[in-house]
Amino acid sequence: GLADGMKNLSLQRTTADDRAIANVATQISSVVKRLKKDYESITAAGQDTTERENVDNAMKLLVNETVSGAKIIDHWEHPGKNVLYALARVELNTLQKKIETHKELSDESRDVIKKKADKLHEEMAKEGL
């Protein structure tokens, strides 16, 4: 996240931090949507409505909890341009633990989601995200 053109350094830092977390939320939400779509295509046959609702709820909780676990790990100020950057990070292990703690999901659903999440993380790593 970045914040520019602010005279109040505290406000600039808070704004950059908030924008970094918002960017994490956008990225995680996008990944979760892909994950959900992949999951639904795999499990469409024979899945009951309750299980689908549980998956939907788990995905929403996953985004919210993951974003709440995001941490600002660094700041950088561009010399002479009054631009402050904040770098936010989410640990993959934290994301995996959150998936594992959703007891409303069946073991099968949890395993499919974890495998897909691992695959998406690998793809994102290759793309430099």
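Read the figures in this text as sums done on the coordinates, not as results from a lab. Here the structure is a predicted model, which is why all the values come from computation and not from measurement. Cβ coordinates were reconstructed from backbone atoms using ideal geometry, including for glycine residues, and neighbour counts include every protein chain displayed.
Do the alpha carbons of any pairs in Lys81/Lys126; Lys7/Lys71; Lys37/Lys97; Lys97/Lys126 sit beyond 28 Å of each other, and which pairs? Mind dumping the intermediate values first?
On the way: Lys81/Lys126 32 Å; Lys7/Lys71 25 Å; Lys37/Lys97 21 Å; Lys97/Lys126 23 Å.
Beyond 28 Å between Cα atoms: Lys81/Lys126.
Take the Cβ-Cβ distance between Asn82 and Lys37 as r, set R0 to 30 Å, and report the resulting FRET efficiency rounded to the nearest 0.05.
Working: r = 41 Å, r/R0 = 1.38.
With a Förster radius of 30 Å, E is 0.15.
The slack between Glu91 and Arg19, meaning 0.36 nm per residue of separation minus the straight C-alpha distance, is 24.1 nm.
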